[in-house]
Structures are given as structure tokens and as C-alpha cells.
Amino acid sequence: MECINGIIDFNKIGDEIEAAKPNGSLDTVFNKYCNRRDEAIRCVEEFTESLDPCLTDEEKNQKIVYVNITKSLLEFTCHENGNQIALFIAEEGPECFQSKKELLEGCFNKTMGKYTNGEKPSIDNLPSLVINDEHCHDMNRLEKCVVFELEQCKESTPANLVEALFRFVRKETPCKNVKPI
């Protein structure tokens, strides 16, 4: 985590976004961080390598999936130097998420909560890092639930972007070969 904190100061970026909103320069903020995506990928690769002693053989075989998911998330977020995230912010995405926070948590708990037994994941209770068909079906149910809740917001852009994000990430997982139920 220290590696990522050297790339992005999560406390500072919020202030930078707020300062950039009034004058329409969100792209400058996102471009600055998107230019660091190679460093972020390196951090994730180093982190996943450090987990090797704790992983089962099956988890080690799927480790690349998580690196690819990270790359996919960064590619999606940084497409055209952050236009997606700038649009999300401009179209009241954070406000939409905040207004739906409890419902979105409910979506997660209904679909993915069983993997953490309702507890916040920690080093002592990490779920298996193997993605199987059941996980794929649960991810699909999570997507449907989250998108449905976000569609209730005033602007449709947050729901549309989140739906696109789920589909973008799915392409990097074994779920790309699993038919939704």
C-alpha cells in the first residue's frame, strides 16, 4: 500500500478535484495521475508477488487475473486521460453514490458478502482469490443490483459508466466465458 500512496495521495486528490471543478480543469488532475499508471501497475505486481508464500497453488495460477483487472481498471479510468472519471464527476456520480451508499452496500452484502462472512476482509480472513463460475454469477448479480440502484439517480451517466466498468473488468477474468444466469 505504501507504494500506491507514493503515487496517489488519496487525501490530496479530493482537494485537487474540488479545486479543478469550477474552472473545468478536471482533465489536468486526472492526466497527472493517469501518467503514473505504469508505476501503479508495478506496485500491484510487486504486491501480488509478495503474497506468493500465502497463496495456494490455484490462487497463484490466477494471480495474473488480478494484475489484469488492475490494468483494466486503470485503462478504463484513464481512457482519453481520464475523460470517463471527469464525466462521472461532472454528472454527479459521487453524489449519486453517496445517496445510494446503504443500498449499494446491501447489493454487495447480498451477492459477495458470503465470501467474507459479513466481515471486513483483513489479512486474517481473506477470501480465496480463485474466481470460479459461482463468483462470476455473483459478480453479474452485483452488477445488476448496483446498476439498478444507480439508475434511480437524477443523472443516468453514473449507472452507465459503472455498467461499462463491470463489463470492461469482466473481460479480464474467467467470467468472460461464463454465461450470465
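Just a few scattered comments:
- Qualifying helices (runs of 4 or more DSSP H) (wholly inside segment 1-52; at least 2 residues being over 25 Å from VAL65 (Cβ atoms) and at pLDDT 90 or above): 10-20
- Scanning segment 68-122 for residues that are at pLDDT 90 or above and hydroxyl-bearing (Ser, Thr, Tyr) yields SER99, THR111.
Okay, residues lined up against (1) in contact (Cβ under 8 Å) with a residue 60 or more places away in the chain; (2) surrounded by 11 or more Cβ atoms within 10 Å (Cβ to Cβ); (3) of a type in the set (Phe, Trp, Tyr); (4) out of contact with any Cys (no Cβ under 7 Å at 6 or more places or on another chain):
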position: ILE17; (1), (2), (3), (4): yes, yes, no, yes
position: LYS21; (1), (2), (3), (4): yes, yes, no, yes
position: LYS32; (1), (2), (3), (4): no, yes, no, yes
position: ARG36; (1), (2), (3), (4): no, yes, no, yes
position: CYS43; (1), (2), (3), (4): no, yes, no, no
position: SER50; (1), (2), (3), (4): no, no, no, yes
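- Single residue of GLU75, GLU91, GLU58, GLU80 found to be over 15 Å from the mean Cα position of the chain (by Cα), within 27 Å of LYS32 (Cα to Cα) and open to solvent by 70 Å² or more (accessible area, probe 1.4 Å): GLU80
The values are calculated or read from the model by the stated rules, or taken from the named source; none is laboratory data. All values reported here derive from a predicted model rather than from experimental measurement. Reconstructed Cβ throughout: ideal geometry from the backbone, glycine too, with neighbour counts over all protein chains shown. Keep in mind that these areas ignore ligands, DNA and RNA; they rest on the heavy atoms of the full protein, side chains included. Shrake-Rupley method; radii C 1.70, N 1.55, O 1.52, S 1.80 Å.
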